[in-house]
Every structure is written in structure tokens, then in C-alpha cells.
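Just below is one structure, and these are the notes that go with it.
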Amino acid sequence: MYVGVANPNMLIPVEKMRITNLDAKSSPKYFEVLYNPQTYTREKVVNYSPVASLGADAPVVQFLSGAMEVLTFELFFDSVSAGAEIGGQVSDRLKFEGNSLLPTITGGIDVRDYTKKITDLMYIDSDKHRPPELKVEWSSLQFKGFLSKCEQRFVRFDEQGQPVRAFLNCTFIEHRDVDKQFVSNPLNSPDTTKYHTVRQGDSLWSLAAEEYGDPGQWRAIAAANGLTNPRRLRTGEMLVVPALL
């Protein structure tokens, strides 16, 4: 048996994950989860498209766009057993502690009263015409976006059939403010290298006007492709459209 100075970390409560409704008009705008998730996953995908090149062994890969990041984790809810690790307001902790000492037949806390705090975040805000924007915070985890999916699984019930334990699988999608320039014309990006398959009637002047907004920039395309005669373009030829730095 260990005898000595107590570990100070045992005296400090573990930080709880907090979910804030950024569109809420009144308090409380946030709440803490009852139990922290065991794990969480962040997934980010970038979209590319293969572009066929005449006579090449493999297509050229062209960047299309980035995709929203996805955050997933599982939350645990229990209204029968309570311990020092439970989160929420002080009133909630006292309520759970008292409920854990009573027999379930007396009719205790319906765990759906607490899972509802999560699922309600997917309902449409009448002013925003969309579900509320959220912020998930847990130590170094900082994520802003929307709750796009929530699967509820109830696994324990009292004598009246009231659920007292549940797991929620939550999926949040990233929301990021995008520059209006790329919203209005996402393909008009002169600082990104692209590839163009020559079609009948194409010219370096028209291509420069389309990509850069300036037909006079045709020389940059000619230089990137080693073209000595800019008037001689072959249909089906793959041209590099360089970024303008």
C-alpha cells in the first residue's frame, strides 16, 4: 500500500468538453458534456481530378478544391450512476448524485433530458434558416461548424421503460468563412498552376484572358510550355497554365 504525498492531479477536476451555440440569443449559450469522449477523429479530404494527356502514360492530376473537415466522437450519458468525473453545472451534479442513491423503481432522471441538448442542435434556427453554428472546445481541440449527424443508442432502462443510459455518435462538419472572390468565381485563380487541354479554336491569347483576365499574359503560358510559335496549337495537346506570382 502506498503511503505518501497524494498526487496533486487527483485533486484537480478533468476539463470537460464544451459545446457552444454561437447563434444563441440568450444564456446559457454553452453546456458541458457529462462524460468526456474516449477518443475523437478529425478527417480532412482534398479533391483532385485526373486530366487525360494525349500520348502520356498517365493522366495529370489537377487540384479541384479542398473539402470540409469532419469531427466525430462518441458521448456517454448515464443518469443512474454518478461520480466525481461527471460534468455539467453544479445543480446537475448534485441531482445526479442524489439520483444514484435511489432505487430506479422510484422513477429517476430520464437520460433523454440530457441527450436532447445535443440533438436539438440540429433543428433549424428560424432567424438563420439553418441549424445553429457551433464551437466544440476541449483543451487543444477547437472546432467550429455544424452538427450534421447524431445517432442515439439507448442501452439501459428502468422498471418503467425509461432510458437511463445512452451513447451518442456525433458528426460535426467544419464551417469556414470563404473569400468572396472564390465564391463568385472559384476557377479564376491566377496564383494556382493549372492544366488545359487544347480545343479547336483555342489560342494563347484567349486562354490568358480566361485564366488571368489579361490576354497580354500569353507569354507566360508560351514560356511554361516551350512554345516558340504561339499560333501553332495542336488540338488535344496538354498545356501548363502557370501560376502568376
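Tabulated data
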read-out: Filter result (at pLDDT 90 or above and among the hydrophobic types (A, V, I, L, M, F, W, C)) within segment 100-150; value: ILE118, LEU121, MET122, ILE124, LEU134, VAL136, TRP138, LEU141, PHE143, PHE146, LEU147, CYS150
read-out: Number of the exception - ARG234 against (1) in a loop (DSSP other than H, G, I, E, B); (2) crowded, with 16+ Cβ neighbours inside 10 Å; (3) modelled with pLDDT of 85 or more; value: (2)
read-out: Subset of segment 210-231 [under 36 Å from the mean Cα position of the chain (by Cα) and either open to solvent by 40 Å² or more (accessible area, probe 1.4 Å) or more than 29 Å from GLY66 (Cα to Cα) (or both)]; value: GLU210, GLY213
read-out: Boolean, ALA6 is modelled with pLDDT under 85 and either among the hydroxyl-bearing types (Ser, Thr, Tyr) or part of a loop (DSSP other than H, G, I, E, B) (or both); value: yes
read-out: Test set (1) modelled with pLDDT of 95 or more; (2) open to solvent by less than 50 Å² (accessible area, probe 1.4 Å); (3) of a type outside the set (Asp, Glu) - ARG153 fails condition number; value: (2)
read-out: Where a residue in segment 200-224 is within 20 Å of ARG234 (Cβ to Cβ) and its partner, wherever it lies, is open to solvent by 60 Å² or more (accessible area, probe 1.4 Å) and of a type outside the set (A, V, I, L, M), with Cβ under 6 Å and at least six apart; value: GLN200/THR235; TRP205/PRO215; ALA208/PRO215; ALA208/GLN217; TRP218/TRP205
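Residue by residue, here is whether (1) at pLDDT 80 or above; (2) of a type in the set (S, T, N, Q); (3) closer than 30 Å to TYR195 by Cβ holds:
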site: ARG18; (1), (2), (3): yes, no, no
site: TYR35; (1), (2), (3): yes, no, no
site: GLN38; (1), (2), (3): yes, yes, no
site: GLY66; (1), (2), (3): yes, no, yes
site: ASP78; (1), (2), (3): yes, no, no
site: GLY83; (1), (2), (3): no, no, no
site: VAL90; (1), (2), (3): no, no, no
site: LEU94; (1), (2), (3): no, no, no
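The values are calculated or read from the model by the stated rules, or taken from the named source; none is laboratory data. Values in this document were obtained by computation on a predicted structure and should not be read as measured data. Methodologically, a virtual Cβ is constructed for each residue, glycine included, from the backbone with ideal geometry; neighbour enumeration extends over all protein chains shown. Ligands, DNA and RNA are stripped out before the accessible areas are found, and what is left, the full protein with its side chains, is counted by its heavy atoms. Shrake-Rupley method; radii C 1.70, N 1.55, O 1.52, S 1.80 Å.
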